[in-house]
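Each remark here refers to the structure printed beneath this line.
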Amino acid sequence: MLEASEAVDLIREKILGWSKELVAMLPNLMLATLIVVAGWFAARFIRFAALKLMRRFTDSITLHELVSSALYVATVLIGAFAALSVLNLDKTVTTLLAGAGIIGLALGFAFQDIASNFIAGVLMAAQRPLRRGELVETSGQMGVVERILLRTTELRNMQGLQVIIPNKDIFQSVLINYSRNGTRRVDLPVGVSYGEDLAQVKEVIVAALQPVPDVLLDTGVDVFYQGYGDSSIDLEVRFWITSVSNRHFHDVRSNAIMAIKAAFDKEGISIPYPIRTLDFGAKGGTRLDEVWSIERRSEVSDGGPVGNGPM
């Protein structure tokens, strides 16, 4: 059985061994501390430099924060791993890296949608297919861009409601940006009666749109006749306007409609109502007055009362 004196000697020897190892490791410990401190200062400098450099290429605050934070964390981790290597803890470093890889792989499978939205957000921040304040239509939604985050994009639709769309859905679907080019084409369907002079109609429409504000006259006003409708000759008026907002688009479109209607009234050009021809014959070709005449003759031949026709 181990005596008390022997136990004390063993403990003393163990503590002395640790003390010797600690003294021997003091230079390495001081060097590791310096590496950690230097890595921290280097990480701060790299983050500041990355922010300054990113501002030259893009004004996306989200992308600035993402890149600078990633470089900051990477630099700090490099310093920490270097310090562990100086302390002869290489096996610990290998274990940490292996564990981080396994955890990252597991999280990647568990959060595929989150990861895909995050990657789509990074690519959107770099490519910038849409910006804050622009009117866009995507994933069946139309609205003004309010915020662009790394996982989602927030829109304010035409009814003033907030719409949150995952970035993956925007990145993988069709995106229509109504504000990016600064101009937008207006297409107006119009119909005139068959008795009108079509050349005159075209001249009247072009002249009517000249004084309408925000109509771009340098691109011209196009009038294209589309075909023969049921009660009118159909045409389409096309012209370009400056695109400020969706409300502005509808204001200019409304002003153009009023200007064309006023010009038509002044020149006596009619926009016909729908015309319907009623056919009362079983085989076609029989008018209503003919049906009345047949019924009256039938009543007279039968000796019945003769009325004034159906009401």
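The values are calculated or read from the model by the stated rules, or taken from the named source; none is laboratory data. Keep in mind that what you see is a predicted model, and the values were worked out from it rather than measured. Note: ideal-geometry Cβ built from the backbone for every residue, glycine included; neighbour counts use all protein chains shown.
Among the residues examined, Val67 qualifies as closer than 30 Å to Arg132 by Cα, out of contact with any His (no Cβ under 6 Å at 6 or more places or on another chain), modelled with pLDDT of 75 or more and in a helix (DSSP H, G or I).
Counting only strands (runs of 3 or more DSSP E) that fall entirely inside the range 127-243 and contain at least 3 residues that are at pLDDT 90 or above and in contact with a helix residue (DSSP H, G or I) (Cβ under 8 Å, 6 or more places away or on another chain), the qualifying elements are 183-192, 233-242.
Taking the range 135-162 as the range and being closer than 16 Å to Val174 by Cα and of a type outside the set (A, V, I, L, M) as the test, the residues that pass are Glu137, Thr138, Ser139, Gly140, Gln141, Gly143, Thr153. Among residues that are at pLDDT below 90, closer than 25 Å to Ser245 by Cβ and not assigned by TED's automatic domain parsing to the domain that holds Asp230, Asn117 is not included. Among the residues of the range 24-56, the one identified as loosely packed, with under 12 Cβ neighbours inside 10 Å, of a type in the set (A, V, I, L, M) and modelled with pLDDT of 80 or more is Met30. Filtering Ser173, Ser245, Ser231 for residues that are outside the structural domain of Leu135 (by TED's automatic domain parsing) and within 32 Å of the chain's Cα centre (by Cα) leaves a single hit, Ser245.
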